[in-house]
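K.L.:
Quick one: the structure is below, questions incoming.
The values are calculated or read from the model by the stated rules, or taken from the named source; none is laboratory data. Remember, it's a predicted structure, so these values are computed and weren't measured experimentally. Because the Cβ atoms are built from the backbone with ideal geometry, glycine has one as well, and the counts that use them run over all protein chains shown. These accessible areas exclude ligands, DNA and RNA; they are computed on the full protein's heavy atoms, side chains included. Shrake-Rupley method; radii C 1.70, N 1.55, O 1.52, S 1.80 Å.
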Amino acid sequence: MIDERTGILTLDTLLAGDIPAFRDALWHLAQPAGVLAFFSLAYIARMTRAFMLAELKSEYVTTARAKGLSRGRIVWGHAFRNIAVPLVTVLAMTYAGLLEGAVLTETIFAWPGLGQYLTVSLLNADMNAVLGATLVVGLIYVALNLLADLLYRLLDPRVR
């Protein structure tokens, strides 16, 4: 039996030095993570494609093609740098949205986490726990927005 220090199965197995149990925990984490990833991946891919198509129609891309730059240089060196700022917003909000999906995913797969804690607290009418979990989710949203704003400063020289 693994000593529960943190309550996070993967971290507890690593701290206990039980590598086979860690691999087993990762194996059981793959399907819930895959469900959440497919939900997010579709939105991120669609938004990235839309941003890139709009950027590739810009005049500076036409100028870069006329100069004879390679397609890879145009896409990665010019266009992708310009879509990085809106893409950071999409990534931050998508990651924050994973918390909403975690409630359902953790309940279906019986994986202990914040989503299952919130569900059990709601079913037990433990309003202090519900308020605490809601506060944690809200703080994560605020932190992700702050991180996106800080990344804007790194990616867009006009913001500095």
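K.L.:
Being open to solvent by 60 Å² or more (accessible area, probe 1.4 Å) and either among the hydroxyl-bearing types (S, T, Y) or more than 22 Å from R46 (Cβ to Cβ) (or both) narrows it down to one residue among N124, N145; which is it?
P.N.:
N124
K.L.:
Would segment 38-49 turn up any residue that is assigned to a helix (DSSP H, G or I), on the phi < 0 side of the Ramachandran plot, at pLDDT below 85 and surrounded by 15 or more Cβ atoms within 10 Å (Cβ to Cβ)?
P.N.:
yes
K.L.:
Taking the options L91, L104, name whichever one is surrounded by 13 or more Cβ atoms within 10 Å (Cβ to Cβ), at pLDDT below 85, within 20 Å of the chain's Cα centre (by Cα) and not polar (S, T, N, Q).
P.N.:
L104
K.L.:
The conditions are (1) modelled with pLDDT of 85 or more; (2) surrounded by 13 or more Cβ atoms within 10 Å (Cβ to Cβ); (3) out of contact with any Ser or Thr (no Cβ under 7 Å at 6 or more places or on another chain), and F22 fails exactly one of them. Which is it?
P.N.:
(3)
K.L.:
Looking at segment 123-135 only, could you name the residues that are modelled with pLDDT of 90 or more and in a helix (DSSP H, G or I)?
P.N.:
L123, M127, N128, A129, V130, L131, G132, L135
K.L.:
Continuing with this model, one more query. Can you tell me how many residues within segment 50-88 are within 22 Å of L146 (Cα to Cα) and either in contact (Cβ under 8 Å) with a residue 40 or more places away in the chain or exposed (fewer than 15 other Cβ atoms within 10 Å of the Cβ) (or both)?
P.N.:
Matching residues across segment 50-88 total 5.
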